[in-house]
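One structure is given below, encoded as structure tokens.
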Amino acid sequence: MSKKIIYKLIAFTLIIILIDQGLGHFIAHYAGKYKFDKRIGLLVDNKLDKDIMILGSSRALNGIDPETIQKQTSLSCYNLAINGSNIEFHETMLDLIINSKNHPKIIVYNIDDPATLSGSGHEVVYRKEELFPYVYNEKVNEIVANRLDKSVWATKISPTYHNNINFINAIKYLTRGAEIPSYEINNVNEFGANLMDGHQKGKENLIYQKPLFKFNNESAIYTKSLLNIVSKCRKHNIKLIMVFPPIFYAPTPKFEDRIVELTKNECLVINYSEEFKENRFFYNHGHLNRQGAIAFSKLISQQIIKN
Amino acid sequence: MLLGASYYFYMVWKPIYILLIIISTLIDYYCGIKMGRLETKSQRKPYIIISIVSNLLILGAFKYFNFFSTAANDIAQLLDISYAASYLNVLLPMGISFYTFQTMSYSIDIYKGSIKPEQHLGKFALYVTFFPQLVAGPIERAKNLLSQFHFEYKYDHDRTVSGLRLILWGLFKKIVIADQLSSMVSHVFDNPAGANGFSIYFGSLLFAQQIYCDFSGYSDIAQGSARIMGIRLMDNFVFPFYATSFNNFWSRWHTSLMQWFRDYIMFPLIRKRWKWPIVFVFVFLISGLWHGAGWTFIIWGGINGLMVVYSKATEKFRNRLAIKVGLDKVPRIRHGLQIITVFNIFALPCVFFLAKSFEDSKILIKNYFVGWGDVIEKITLNVDGARQDILYLGKEFESFVLIIVLMVIFEIIQWSMSKDSIDNFFIKKARWKTWSIYIFLTFAIVIMSFIEKTPFIYFQF
């Protein structure tokens, strides 16, 4: 190879490295600024030091009020539930909690009847995009890379590749400014919860329903995640309380039995699904409103004090 | 070493299926050697039959058994005959349609006396399994590929740069265009019942672009990788969407397969005095079946065959018409119209290519005519967020705009390339321009390579 070719190669490589560094850091900088709900960021940056943490999907995000639990138990509490997320994602959240410096004493895990174990027909997914702005954290980066079939090794070499998942968020920040929270989705308060007032539009006159779902398609992946959550909490001396939140439809037959069977008395499982019979507590059939969330959080607090 | 690398490459996916390639290799090698020692075609006939039957048996068992078994069951039900359809629960071996066709072409060429058999088993095995083109072509001929394995490899800087350029361009097509369009296309065709006419039409257009970038991107990567190793593979795509007619389109699209059909099916049938329109439709029906074991693929092939026949039959008439309306005086506008027409004719029947079942294709065809009345209102007023569903096909506004911008850039670059060649497109520019394009392509690939796995579409064939 001639000297000229070698010089050309070096010059080209240097230009690539320079642009890669600049672009990568530019994306990382603006992606984080776009997001309104920064709870995962607080967790991975070790800025959350709470006694109790709430995990689950929207039913936990809307239905469990950490402020009430804090007042009732005198223990600090924070809600880390993410709407639309499945149990696999909840396991990831637990991994991030365990990976952080400050472990909680208690985790309240919200069971969704029957989406926690049902593989299809329910709108819960692994909400990986919630993790994207935090790929600067090594653990989060590993999780995201594995989920997206990205090379972890390459993410360590190229900042642009490392942050490419945030490219659209960076553009959004530059074009729209910071994200405006959505009332039903991510309008979280300082306790991490998103409590909703009254009833959902069109659900003002809710009527108690017969079972809405059938439990006949248990997902092996979800079952494994449930077992992992139980074992990981035990391994790290975190007290796990699993709760079935109040719902405004009859519980899915056989679902509770299956949860009890899987957890084998290794954690506290409390079923509140038929606790509230009046529609004033419900935003819609599956979600509590502010009034319901406060009442439900008082019930959880009583259990925490009792145990 | 290349043979070992090729076997390893295939075994990374599913090790056991390498046995199929080895069996196919040994049979064709044996038949080739035997045929090479015989003087006349009639003496060679038993060996060509062994070669073709064994290859078709492998292909039939792994790819078509379930389709024909179900079809036999359907016919039996129609005729009120009791027939228990059996089902083979096996994974389709990757690239099976490509390597079986490649080995068959070797045997047929020896049978016809166009080539001499390869004596070196290792070199022949490499011809069957050469890793850059093993799983998705181009379907090479022994005359071109096998002969190149007899030359010693020497490093050549210009050739390496040319190969790397092709790989870069192929990756851009695959990652930056095809993979980004994939989720938009799925948004429509994974839920046929919920799709409306405009979305199906738009989704079909995007799919045409997706499959082109996916498949030609793979071919570019394969050609580029081979070129670095000193091997020149045949061109598989010659800017098909810039074709001047639908007939011309099919002489630019997946040329290695179309030339295979031309040499081994079309010409022999025409020599047997079959009428050309029947030959064309027949070949395209087989082409449909080659793409997938399902009625939807056969229909897709049939429609394309009929359109090619129409295109050929009306060529003179269309030329006269163009002169009459004065289009011959504005060749650029005429070519623009031809491009739009060819693109639409190719894209619209893709509904059958994309439908997961015959039932789905019926729903899609029915829904093709639904929702056109208020589509402009829905998109402009964004009723219930309809714009994201109908126009952005599930993407957010920013992602949608980004994809459109990248597609426009892709078309500009590709149009320039079509005027000369991919190599000359880069070579003939000032260095700063060439380097700017390299850098743009590189970072577009790096930035857009975050989506979930989207395997090459043609791997399934």
Query raised in the report: Can you flag which of A:Lys254/A:Lys298; A:Lys33/A:Lys101; A:Lys210/B:Lys362; A:Lys3/B:Lys428; B:Lys112/B:Lys173 are past 30 Å Cα-Cα?
Result: A:Lys210/B:Lys362; B:Lys112/B:Lys173
Requested in this report: Let me have the 222 nm mean residue ellipticity of chain A computed from DSSP H runs of 4+ only, each contributing -39500 (n - 2.57), with the sum over all residues rounded to the nearest 500.
Outcome: -14000 deg cm²/dmol
Requested in this report: May I ask for log10 I(q)/I(0) of the stretch B:115-265 at q = 0.08, 0.16 Å⁻¹, from a Debye sum over the Cα atoms as equal point scatterers with solvent left out?
Outcome: -0.30, -0.96
Report task. Would you mind estimating how fast the stretch A:187-307 diffuses translationally, via Stokes-Einstein at 10 °C and 1.306 mPa s with the Kirkwood radius over Cα pairs, in µm²/s? Result -> 99 µm²/s
Query raised in the report: Hey, what did chain B get for relative contact order, percent, Cα under 8 Å, at least 6 apart?
Result: 18 percent
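Full extension from A:Lys214 to A:Arg280: what is 0.36 nm times the residue separation minus their Cα-Cα distance, to one decimal in nm?
Extending this stretch completely gives an extra 21.1 nm.
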Query - Inter-part distance where the stretch B:141-156 and the stretch A:131-197 are each reduced to a Cα centre, Å - result: 49 Å
Report summary line: Taking the protein assembly as shown, the equivalent ellipsoid from its C-alpha gyration tensor has semi-axes in Å, biggest first, of 54, 31, 29
Report task. Over all alpha-carbon pairs of chain B, lay out the pair-distance distribution in 20 Å bins, whole %, shortest bin first. Result -> 21, 55, 23, 1
Report summary line: Computed from every Cα-Cα pair in the stretch A:27-84, P(r) in 10 Å bins starting at 0 and rounded to whole percents is 22, 45, 26, 6, 0
Requested in this report: Kindly state, to the nearest 0.05, the FRET efficiency for A:Ser151 paired with B:Val405, given R0 = 22 Å and r defined as their beta-carbon distance.
Outcome: 0.25
Query - Three principal axis lengths of the stretch A:49-113 [C-alpha, angstrom, descending] - result: 30, 27, 14
Requested in this report: Select from A:Ile19, A:Ile207, A:Ile98 the residue whose mean-square fluctuation is largest in a Gaussian network model of chain A (Cα-Cα springs shorter than 10 Å).
Outcome: A:Ile19
Query raised in the report: If you stretched the chain out fully between B:Ser114 and B:Gln77, how much longer would it get, using 0.36 nm times the residue separation minus the C-alpha to C-alpha distance?
Result: 8.6 nm
Query raised in the report: In whole angstrom, how far apart do the alpha carbon centroids of the stretch B:395-448 and the stretch A:1-79 sit?
Result: 31 Å
Report task. Specify which residue in the list B:Ile365, B:Ile221, B:Gln180 is farthest towards the positive end of the charge dipole of chain B, using unit charges on the beta carbon of Lys, Arg (+1) and Asp, Glu (-1), about the Cα centre. Result -> B:Ile221
Query - Two-site label geometry, B:Met11 and B:Ser69: point separation in nm, points 7 Å out along Cα→Cβ - result: 2.9 nm
Query - 19 Å cut-off, amide nitrogen to a point 7 angstrom out along B:Ser42 Cα→Cβ, residues in the stretch B:104-141 - result: B:111-113
Query raised in the report: When only alpha-carbon atoms count, how far does the stretch A:159-228 stretch along each of its three principal axes, as whole angstroms with the largest first?
Result: 51, 37, 23
Report summary line: In deg cm²/dmol, rounded to the nearest 500, the helical mean residue ellipticity at 222 nm of chain B, built from -39500 (n - 2.57) for every DSSP H run of length 4 or more, is -21000 deg cm²/dmol
Report task. Report the charge-dipole magnitude of the stretch B:246-385 in Debye, nearest 20, computed about the Cα centre from +1 at each Lys and Arg Cβ and -1 at each Asp and Glu Cβ. Result -> 940 debye
Query - Efficiency of FRET between A:Asn102 and A:Thr175 - r from beta-carbon atoms, R0 45 angstrom, step 0.05 - result: 0.80
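When a footprinting reagent is the concern and you count Cβ atoms within 10 Å, what order do A:Ser76, B:Ser204, B:Ser82 take, fewest first?
Ordered from fewest to most neighbouring Cβ atoms within 10 Å, A:Ser76, B:Ser204, B:Ser82 come out as B:Ser82, A:Ser76, B:Ser204.
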Report task. Sort B:Trp415, B:Trp432 so the one with the fewest other Cβ atoms within 10 Å of its own Cβ comes first. Result -> B:Trp432, B:Trp415
Report summary line: For the stretch A:237-307, the Debye formula with one identical point scatterer on each Cα and no solvent gives log10 I(q)/I(0) at q = 0.16 Å⁻¹ as -0.61
Requested in this report: Determine the shape class of chain A: with a ≥ b ≥ c the square roots of the Cα gyration tensor eigenvalues, call it rounded for a/c under 1.5, and otherwise prolate if a/b is greater than b/c, oblate otherwise.
Outcome: prolate
Query - the stretch B:1-123: C-alpha gyration tensor shape, a/c 1.5 cut-off, then a/b vs b/c - result: oblate
Requested in this report: Using DSSP to define loop residues, name the GluC sites (Glu not before Pro) in the stretch A:73-137 whose beta-carbon has at most 10 other beta-carbon atoms within 10 Å.
Outcome: A:Glu123
Report summary line: Ranked from fewest to most other Cβ atoms within 10 Å of their own Cβ, A:Thr92, B:Thr25, A:Thr116 fall in the order B:Thr25, A:Thr92, A:Thr116
Query raised in the report: Hull surface divided by four, with the convex hull built on the Cα atoms of the stretch B:191-349: how many nm²?
Result: 12.3 nm²
Query raised in the report: Name the residues of the stretch A:108-150 whose amide N is less than 16 Å from a point 7 angstrom out from the Cα of A:Lys203 along the C-beta direction?
Result: A:112-115, A:122-124
Query raised in the report: Longest exposed-loop-site-free stretch of chain A, with trypsin sites (Lys or Arg not before Pro), DSSP loop and at most 11 other Cβ within 10 Å?
Result: A:1-100
Report summary line: Under the 7 Å Cα-to-Cβ spin-label approximation, B:Asn89 and B:Asn382 lie apart by a distance in nanometres of 4.9 nm
Query raised in the report: Considering the alpha-carbon set of the stretch B:279-417 alone, what are its Rg and its Dmax in angstrom?
Result: 19.0, 51
Requested in this report: Could you calculate the FRET efficiency of B:Ser421 with A:Ile19 from 1/(1 + (r/R0)^6), where r is the beta carbon distance between them and R0 is 22 Å, rounded to 0.05?
Outcome: 0.20
Requested in this report: About the Cα centre of the protein assembly as shown, how large is the charge dipole given +1 on each Lys and Arg Cβ and -1 on each Asp and Glu Cβ? Please answer in debye to the nearest 20.
Outcome: 2840 debye
Report summary line: Treating every alpha carbon of the stretch A:93-220 as one equal point scatterer without solvent, the Debye formula yields log10 I(q)/I(0) values at q = 0.09, 0.17, 0.18, 0.19 Å⁻¹ of -0.43, -1.27, -1.32, -1.35
Query raised in the report: From the phi of every residue in the stretch B:122-133, what ³J(HN,Hα) in whole Hz does the Karplus formula 6.51 cos²θ - 1.76 cosθ + 1.60 yield, where θ is phi - 60° and glycine or proline is x?
Result: x, 5, 5, 4, 5, 4, 6, 10, 3, 4, x, 10
Requested in this report: Find, to one decimal place in angstroms, the Kirkwood hydrodynamic radius of the stretch B:118-166, where the mean of 1/r is taken over every pair of different Cα atoms and then inverted.
Outcome: 12.2 Å
**Report entry** Where chymotrypsin sites (Phe, Trp or Tyr not before Pro) fall in DSSP loop in the stretch B:239-338, at most 16 other Cβ within 10 Å
**Finding:** B:Trp274
Query - Low-density loop positions, trypsin sites (Lys or Arg not before Pro), the stretch B:1-99 - DSSP coil, at most 15 other Cβ in 10 Å - result: B:Arg37
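Throughout, read-outs are computed from the coordinates displayed, never taken from laboratory work. Remember, predicted model here, so these are calculated numbers, not experimental data. Don't worry about glycine lacking a Cβ; one is built from the backbone with ideal geometry, like all the others, and counts go over all protein chains shown.
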